[in-house]
Each structure stands twice: as C-alpha cells, then as structure tokens.
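The structure appears below as structure tokens.
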Amino acid sequence: MILLGFDVEEFDMPFEYGKSIPFDEQLEISTRGTNTILKLLGQKNIKVTFFCTANYAINRPDVIKQMVTEGHEVASHGYYHSDFKVEHLMQSKLALENISGTEVTGFRMARMMPVDEAEIAKAGYEYNSSINPTWLPGRYNNFDKPRTWFYDHDVLQIPASVSPVIRFPLFWLSFHNLPLSLLKRMASATLKKDGYLNLYFHPWEFTNLHDKEKFGFPGYVSKNSGEAFARRIADFIDWAMDKGYTFGRTDGFCEIIKNKIKQEAVLH
C-alpha cells in the first residue's frame, strides 16, 4: 500500500528564507495547490490523507468539506503551522472535526518536529506521522528511530518512508530533484522491504515557486514546482498502478495494522 499525505497549511515557508507574504496570499497559494491535487486524485480515483492546520481549515472550510465529500481523510497538522502549544493538539482536533464532520484520528507535527507522545495520546489521536527517520543537516537526526511503524504510548507511529539500509528520504524534496526512474527503483525496494510507503507533500509545491525575489527559495526547493510537479506525481501514480500497488488513506492503514496485531495475538 502507498500512503500519500498532503500537509495543508498556511503557506508560511517563505518566512524561513527571510521573506514575508500576506496571510490572504498564503491561503490562496495553498488552496490553489490543493485544488490541483484534488483534481489529480479524482482523475486517478485514489484516496489520500490531508493533514490540515486548524488555521487553514477555519479560513477555508469549503476546501475541507470538499476533501471529505470526495472520500479523503482529514487529519491534524496542528493549529498553526509556525506556532505550537501543547493545548493546540486537542484544539486542532476539535476544530477539524467540527469543520469536516468526521472523526480526526491522525496527527503530523509541523516540519516533522519532535512532539511529546504522551500528549498526543492524551489528545485522543490514534496515530502520529511526525518522524522522518533519517539525517538531514539542521533538520533531522533520527537514525536512532525505527524506520517502519511502531507503537509509543499506545499511539501508532508511522514514520515517513526512507530507503532500506542507507535511509535515503523518499520525501517531497526527493520528488523535486531526483530522476523519477531512481525514485521508482527506491520506492520498489522500500515497498518490497516494508510492505508500504508513507510519502508526504505540500499543496504549495503544485504552484510555481520560481520567483526567488518573492519566495527566496533555493533551486532545490523550486525545481520542478507547479505544473511540472503535478506531472511528476501523476507519472509516479501511473507507474505504481501499473505495478499493481494500491493507494489508501492513513486511517485505513492503521486499521490493517490493528487487525494484524489482533490476529497475531489470537494465534499466540
């Protein structure tokens, strides 16, 4: 199974590069990218998980409702993308449930930053997908973490997928910069080893990010953004389908894991 996750947030990434962008434009860019994703998913007839900030959802409830109407899962990406307090865990869950009309069982921390698993459990989440089990300078140092699913405080942890052995990250930046043929080979190796892929992206990647004066992004972020990125993801989906791989929502994957554990308990 391949799990596609999209982190839907107010587009504040330019702040990391010394740029400012009005809030209305942050919302507009994220919404434009989300609409591109929804159209693509509809064409391919696959369901995914959207990890949304409450801040985005409150300002664009129509987009959240469209996700649900089209059969996708809504999970939490916190309350704000650049501000975190422990109480936001429960607050974002409740806000998203109110807007979506669905139960919110999953969480992903903004920027995959560390988060207290006891607090995740206390807030009522069933799974957390906030670990990138690799090493990236200045961002992640998680070689000590499991590279596949495990439980912590009775919360299912679903790390982002990395390749076997060397733990090369199969995340959004890889899809911008690596040849698709190489990504497909690594995806196949990871699927063979783990039985699933957990991939994550952002709606703003599906918009044109080449304006360096406006966004401040280095070339490895803006490369293959916009329509080029939509084509790349469509190509990857078509390849996976041709291989017979299936796509699913993260909550559905959690149910598979829970049933597997129950069956193993009965057998033993």
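The values are calculated or read from the model by the stated rules, or taken from the named source; none is laboratory data. All values derive from a computational prediction rather than experimental measurement. Methodologically, a virtual Cβ is constructed for each residue, glycine included, from the backbone with ideal geometry; neighbour enumeration extends over all protein chains shown. In case anyone asks, the SASA skips ligands and DNA or RNA and just uses the protein heavy atoms, side chains included. Shrake-Rupley method; radii C 1.70, N 1.55, O 1.52, S 1.80 Å.
For this structure, a couple of remarks:
- Over the chain, relative contact order from alpha-carbon pairs under 8 Å, at least 6 apart, %: 23 percent
- Here each label is just a point 7 Å from Cα along the line to Cβ, and for HIS153 and ASP194 those points are 2.2 nm apart.
- Extension gain, GLU103 back to LYS19 (0.36 nm per residue minus Cα-Cα distance, nm): 26.6 nm
- Given LYS184/LYS243; LYS47/LYS262; LYS85/LYS122; LYS44/LYS243, the pairs whose alpha carbons are separated by over 18 Å: LYS47/LYS262
- Structure remark: mean-square fluctuation, Gaussian network model of the chain, C-alpha springs under 10 Å; the largest value among LEU136, LEU170, LEU89 belongs to LEU136.
- Shape call, segment 1-83: gyration tensor on alpha carbons, a/c limit 1.5: prolate
- By average C-beta atoms within 10 angstrom, highest first, the peptides 34-46, 155-167: 155-167, 34-46
- For segment 135-268, radius of gyration divided by Kirkwood radius, i.e. Rg to Rh on alpha-carbons: 1.02
- Gain in span if fully extended, MET1 to LYS258, counting 0.36 nm per residue against the direct Cα distance: 91.0 nm
- Within the chain, percent of DSSP bridges classed antiparallel, to nearest 5: 25 percent
- Solvent exposure of THR148, expressed as accessible area, is near 40 Å², computed with a probe of 1.4 Å over the protein chains only.
- With all protein chains modelled, accessible area of GLU70 [1.4 Å, Å²]: 60 Å²
- Area of TYR79 that stays accessible when all protein chains are in place (1.4 Å probe, Å², to 10): 50 Å²
- Considering only PHE253, MET1, ILE58, and ranking their Cα positions along the charge dipole of the chain that arises from unit charges at the beta-carbon of Lys, Arg, Asp and Glu, the one farthest toward the positive end is MET1.
- Computed [θ] at 222 nm, deg cm²/dmol, the chain (DSSP H ≥ 4; -39,500 (n - 2.57); rounded to nearest 500): -13500 deg cm²/dmol
- The stretch between THR69 and LEU182, if pulled fully straight at 0.36 nm per residue, gains 37.2 nm over its current Cα-Cα span.
- Solvent-accessible area assigned to carbon and sulfur over the chain amounts to 53 percent, based on a 1.4 Å probe.
- Accessible area per residue in Å² at 1.4 Å probe, computed on segment 1-49: 38 Å²
- Annotation: amide H of SER163 within the under-5 Å range of PHE168, LEU170, sequence separation 5 or more or interchain, hydrogens built in the peptide plane.
- Virtual spin-label span in nm between ASP211 and LEU173, 7 Å along Cα→Cβ: 2.4 nm
- Think of a 1.4 Å ball rolled over the protein heavy atoms: segment 223-268 then has 61 Å² of accessible area per residue.
- Size descriptor, Kirkwood hydrodynamic radius, that averages inverse alpha-carbon separations across the chain, Å: 18.8 Å
- The dipole here belongs to the chain: it is taken about the Cα centre, uses +1 on the Cβ of Lys and Arg and -1 on the Cβ of Asp and Glu, and is about 1020 debye.
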